Amino acid sequence: MSKRWLPTVVLCAGLWALPSAWAADGRLASAAVTTSQRESSSGFDGVVEAVRSSIVAAQVSGAVTSIDVKAGDRVKAGQVVARIDARSAEQNAGASEAQVRAAQAMLDVARSEYERQQQLHRQNYISQAALERAESQFKAARAQTTAQRAQADAARTQSGLHVLRAPYAGIVAEVPVALGDMAMPGKALLVIYEPGALRVTAAVPQSALPASLAGVKVELPGLPEAQRWFSGEQAQILPLVDAATHTAQLRIDLPAGASALRPGMFARVWLPGAAAAGPRLFVPAAAVLRRGELTGVYVLDDRGAPMLRQVRLGRPDGTRIEVLTGVSAGELVALDPQAAARAR
């Protein structure tokens, strides 16, 4: 006589003991998609950015001879961060200084001559025309000296542009050049940002712009649950609406001292009352299946067979989570996605 094995159940004391993923009628344990009439909210994707972020670019051309910082370094205001070959600029500055000294010497001669001509004119030894010629030569020498000094100052300024300094205290975010690269005017050499002032910027459709920004929340999905939520106490909607996308920029300041925040992080802005009227749908958080980029739930049909359906999730609410798209109110979802996948 062949032996028969019981399929997934155990008989004990006359009762059938079913795994927790299964209901008493042999079907997958499930829960209905519930609705809530609380004030609606809508989420919009945003990004964390620094309030002060600067691109330190070259104003002159030349080879990069020194890079004194790397990405992640903290810098002080005025600290030297890079240098460009300045030999040609220094030579021009030296030549300008020599021309200033020559012009100053000529000015001294012209001044002495003019003073001498004034004395002679007072004694009636020279004519008025001779005095005026001496005065003109003195004024021309003085103007020439002033011009040479201006050129020397410009040459020194040009030489100083070969040394790049941090505009303020911050963190070096990026160094897109290496030693020996050719720097050109406008070419970025470093990117620096101030970590103490961060904000979230999101594009909000004009139809969803709220009348009041009270109750705005910011979610950072990449952070632990305890650090994920921030209140938007200081929020601003920029007055310009993009003509192509019909969206406005919403900026929310983040609290200072949040060390886990970095510019470029993904964020989500929640606006209370910004969504269209209608109930909010919720499913148990345990029913959500996450596989890489896929987020879904197993929906049971009329026969109790599970079918995977991709969903878009909203805000969590205790043991349940909001579903923005993918399910309808009253549908049944499997509480154990792994058991539902095996039962297919």
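The values are calculated or read from the model by the stated rules, or taken from the named source; none is laboratory data. Bear in mind that the values here come from a model prediction, so they are computed numbers and not experimental data. Virtual Cβ from ideal backbone geometry, glycine too; neighbours counted across all protein chains shown. Heavy atoms of the whole protein, side chains included, go into the accessibility calculation; ligands, DNA and RNA do not. Shrake-Rupley method; radii C 1.70, N 1.55, O 1.52, S 1.80 Å.
Observations
- Taken together, the criteria place residue 244 among residues that are at pLDDT 85 or above, closer than 30 Å to residue 326 by Cβ and assigned to a loop (DSSP other than H, G, I, E, B).
- Selected residue (criterion: surrounded by the fewest Cβ atoms within 10 Å (Cβ to Cβ)) from residues of region 186-200 that are touching a strand residue (DSSP E or B) at 6+ places or on another chain (Cβ under 8 Å) and assigned to a loop (DSSP other than H, G, I, E, B): 186
Per-residue answers, yes or no, for (1) in contact with an Asp or Glu (Cβ under 6 Å, 6 or more places away or on another chain); (2) surrounded by 15 or more Cβ atoms within 10 Å (Cβ to Cβ); (3) at pLDDT below 90:
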position	(1), (2), (3)
274	no, yes, yes
283	no, yes, no
289	no, yes, no
292	no, no, yes
295	no, yes, no
299	yes, yes, no
302	no, no, yes
318	no, no, yes
322	no, yes, yes
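- In region 25-60, the residues that are at pLDDT 80 or above and part of a loop (DSSP other than H, G, I, E, B): 29, 33, 51, 52, 58, 59, 60
- The residues of region 141-174 that are hydroxyl-bearing (Ser, Thr, Tyr) and over 16 Å from residue 193 (Cα atoms), listed by number, are 145, 146, 157, 159.
- Evaluating residue 159 against the criteria (1) touching a residue at least 24 places away in the same chain (Cβ under 8 Å); (2) open to solvent by 50 Å² or more (accessible area, probe 1.4 Å); (3) part of a helix (DSSP H, G or I) leaves one unmet condition, (2).
Residues are listed down the side, and each one gets a yes or a no for (1) open to solvent by 20 Å² or more (accessible area, probe 1.4 Å); (2) outside any helix (DSSP H, G or I):
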| site | (1), (2) |
| --- | --- |
| 64 | no, yes |
| 69 | no, yes |
| 72 | yes, yes |
| 77 | yes, yes |
| 82 | no, yes |
| 89 | no, no |
| 99 | yes, no |
| 104 | yes, no |
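- Out of 203, 173, 211, one residue alone is open to solvent by 40 Å² or more (accessible area, probe 1.4 Å) and in a loop (DSSP other than H, G, I, E, B). It is 211.
- Check on residue 136, open to solvent by 20 Å² or more (accessible area, probe 1.4 Å), over 30 Å from residue 58 (Cα atoms) and at pLDDT below 90: no
- If only residues of region 116-149 that are among the hydroxyl-bearing types (Ser, Thr, Tyr) and closer than 25 Å to residue 103 by Cβ are counted, the one that is farthest from the chain's Cα centre (by Cα) is 136.
- If the condition is being modelled with pLDDT of 90 or more and part of a loop (DSSP other than H, G, I, E, B), then region 304-316 contributes only 311.
- Residue match in region 219-227 (condition: touching a residue at least 60 places away in the same chain (Cβ under 8 Å), within 36 Å of the chain's Cα centre (by Cα) and surrounded by 16 or more Cβ atoms within 10 Å (Cβ to Cβ)): yes
Conditions (1) in contact (Cβ under 8 Å) with a residue 12 or more places away in the chain; (2) in contact with a strand residue (DSSP E or B) (Cβ under 6 Å, 6 or more places away or on another chain), marked per residue:
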| residue | (1), (2) |
| --- | --- |
| 72 | yes, no |
| 77 | yes, no |
| 80 | yes, yes |
| 84 | yes, yes |
| 97 | yes, no |
| 111 | yes, no |
| 120 | no, no |
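- Filter result (part of a loop (DSSP other than H, G, I, E, B) and more than 29 Å from residue 44 (Cβ to Cβ)) within region 317-335: 335
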